[in-house]
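Worksheet: one structure, shown below.
The values are calculated or read from the model by the stated rules, or taken from the named source; none is laboratory data. The structure presented is a predicted model; accordingly, all values stated were derived computationally and were not measured. Backbone-built Cβ (ideal geometry, glycine too); neighbour counts: all protein chains shown. Side chains included, ligands, DNA and RNA excluded: accessible areas come from the protein's heavy atoms. Shrake-Rupley method; radii C 1.70, N 1.55, O 1.52, S 1.80 Å.
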Amino acid sequence: MAHEHNLTAQIERWAEKVLTDNPILHDKIICATDISSSEQIKRGLIETIKFLHLCSHSAVQLVPSRIVDDIWHEFILFTRAYYQFCDENFGGFIHHQPSCDVQANQSGYQQTLAMYQKEFGQPDDIYWPNMDNLSSQCGLCEN
């Protein structure tokens, strides 16, 4: 439990720094998602960074939720910041690899939820809906 809390606190600091260093990202997330408040934007970026953390520690390809994927897309557009962030915090670039394989995406999403629960506890349904509430998935990540 202490590991979970320390890691979550670290990820919260990372998200705050990313938003401070890249203030336009706030507006880009608003335009790309249904999120409208600063608190939701920060929370969404925290969930995205948790996903990137899971990817950096996974031997299998993971799949984000739709909202996490949308936020990840916006973060990736800040190429220098995203590259530096991945390099400094995860030891290397985390690639995004879209896929149209519905079965692989569903399986990867289930693996993501299982890893998330093990690492961070119960995921928030707003950012990590169950399989029944999923809209289309974009695809996989790769280290």
So Arg80, is it closer than 19 Å to His26 by Cα and in contact (Cβ under 8 Å) with a residue 60 or more places away in the chain: no
Answer residue from the stretch 29-56, given it is touching an Asp or Glu at 6+ places or on another chain (Cβ under 8 Å) and at pLDDT below 95 and is most open to solvent (accessible area, probe 1.4 Å) among those: Ala32
With the condition kept exactly as written, say whether any residue in the stretch 4-14 is under 19 Å from Phe120 (Cα atoms), surrounded by fewer than 18 Cβ atoms within 10 Å (Cβ to Cβ) and among the acidic types (Asp, Glu). yes
Residue check, Val60 against (1) within 14 Å of the chain's Cα centre (by Cα); (2) open to solvent by less than 80 Å² (accessible area, probe 1.4 Å), all met but one. Which one? (1)
Does any residue of the stretch 68-85 turn out to be touching a helix residue (DSSP H, G or I) at 6+ places or on another chain (Cβ under 8 Å), closer than 27 Å to Thr20 by Cβ, of a type in the set (D, E, K, R) and surrounded by 15 or more Cβ atoms within 10 Å (Cβ to Cβ)? yes
Any residue at all in the stretch 121-142 that's in a helix (DSSP H, G or I) and modelled with pLDDT of 95 or more? no
Please name all residue pairs, on different chains or six or more residues apart, with Cβ atoms under 9 Å, provided the first residue is in the stretch 16-37 and is touching a residue at least 12 places away in the same chain (Cβ under 8 Å) and among the small types (Gly, Ala, Ser) and the second residue is part of a helix (DSSP H, G or I) and open to solvent by less than 40 Å² (accessible area, probe 1.4 Å). Ala32/Asp70; Ala32/Ile71; Ala32/Glu74
